[in-house]
Amino acid sequence: MDNNPSTINNSIKGIDISHFNRLVNWDELSTEVSFVYCKASQGKSFKDPMFLNNFQHAEKAKILYGAYHFLTFQNATAQDQVKNFLDCGVDFSKPGLLPPVLDVEWQVPDTLNPYILNNRAACVQMVKDWLTGVTAETGRVPIIYTNRNFWQNFMGNPTGFENYPLWISAYQPTPPMLPPGWSEYTFWQYSGDGIDKDVFNGSMDELKKLALL
């Protein structure tokens, strides 16, 4: 993508949502975006209460759609979190479904984040284990959602993730710098004002191919 302010306007747009967004106007949305990612799960046992509703509406609106898991670094193993995500019942072999996503970012509340710094190697291994576990179970290569500052300052810019597509979060008008190891992003979350807004780095045909169409 060209590094200029018109990049967003000229791109294929999408959103990512969770129960925090409450009810979404899907009729209006279907005319504005081409894809949507819905939060499915978090940690060992939390399942987003709006996930199934959002998934059903996305399919009905004929928007390309996908599911993501928010990784927690404490009180749950990678295997626990793979199971929680897969127990949401998504058939990732279904045409129209985008690859699974692992959300790797700051924990809430902020008091949980020093744990990552103090246990960095274990946290990096947890990310690897979730990704490989989901790949083995679904046959799809997951996407990593993260922020450059978090990936650098908390995760320590770990290597070995370069073959996973990147969904970069950076609220700014021009494409952001990427973490070391990646030369391009697949998705870019450029705004978190209300509903999180994203763009796809490619053509509509490429997005459809990513969604098995």
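The values are calculated or read from the model by the stated rules, or taken from the named source; none is laboratory data. Note that the coordinates shown come from a computational prediction; the quantities given were computed from them, not determined experimentally. Using ideal geometry, Cβ is built from the backbone for each residue, glycine included, and neighbour counts are taken over all protein chains shown. Quick note on the areas: whole protein, heavy atoms, side chains included, nothing else; ligands and nucleic acids left out. Shrake-Rupley method; radii C 1.70, N 1.55, O 1.52, S 1.80 Å.
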**OP:** Could you check residue 11 against (1) modelled with pLDDT under 95; (2) under 17 Å from residue 91 (Cα atoms); (3) among the hydroxyl-bearing types (Ser, Thr, Tyr) and say which number it fails?
**Re:** (2)
Original post:
Among the helices (runs of 4 or more DSSP H) confined wholly to region 25-97, which include 2 or more residues that are at pLDDT 95 or above and over 29 Å from residue 204 (Cα atoms)?
Top reply: 78-86
Original post:
So is residue 171 open to solvent by 20 Å² or more (accessible area, probe 1.4 Å), aromatic (Phe, Trp, Tyr) and within 18 Å of residue 102 (Cα to Cα) or not?
Top reply: no
**OP:** Being in a strand (DSSP E or B) and either aromatic (Phe, Trp, Tyr) or within 14 Å of residue 122 (Cα to Cα) (or both) is the filter here, so list the residues in region 157-171 that pass it.
**Re:** 167
Subject >> Odd one out for residue 126, checked against (1) modelled with pLDDT of 95 or more; (2) open to solvent by 50 Å² or more (accessible area, probe 1.4 Å); (3) over 14 Å from the mean Cα position of the chain (by Cα) >> reply: (2)
Original post:
Yes or no: residue 196 among the acidic types (Asp, Glu), in contact (Cβ under 8 Å) with a residue 24 or more places away in the chain and on the phi < 0 side of the Ramachandran plot?
Top reply: yes
Original post:
Taking region 174-200, which residues are in contact with a strand residue (DSSP E or B) (Cβ under 9 Å, 6 or more places away or on another chain), closer than 19 Å to residue 32 by Cβ and open to solvent by 30 Å² or more (accessible area, probe 1.4 Å)?
Top reply: 190, 192, 195, 196, 197
Subject >> Residue tally, condition outside any helix (DSSP H, G or I) and touching a Phe, Trp or Tyr at 6+ places or on another chain (Cβ under 9 Å), over region 100-115 >> reply: 8
**OP:** Looking at (1) at pLDDT 95 or above; (2) of a type in the set (Val, Ile, Thr); (3) surrounded by fewer than 18 Cβ atoms within 10 Å (Cβ to Cβ), find the lone condition where residue 108 falls short.
**Re:** (1)
**OP:** Give region 157-168 a look and list any residue that's open to solvent by 30 Å² or more (accessible area, probe 1.4 Å) and either within 14 Å of the chain's Cα centre (by Cα) or free of Cβ contacts under 8 Å to residues at least 24 places away in the same chain (or both), or say none.
**Re:** 159, 162, 163, 164, 165
Original post:
Of the conditions (1) surrounded by fewer than 20 Cβ atoms within 10 Å (Cβ to Cβ); (2) of a type in the set (Phe, Trp, Tyr); (3) within 20 Å of residue 24 (Cβ to Cβ), residue 51 fails just one. Which one is it?
Top reply: (1)
**OP:** Would you tally the residues in region 133-156 being of a type outside the set (A, V, I, L, M, F, W, C), in a loop (DSSP other than H, G, I, E, B) and surrounded by 13 or more Cβ atoms within 10 Å (Cβ to Cβ)?
**Re:** 4
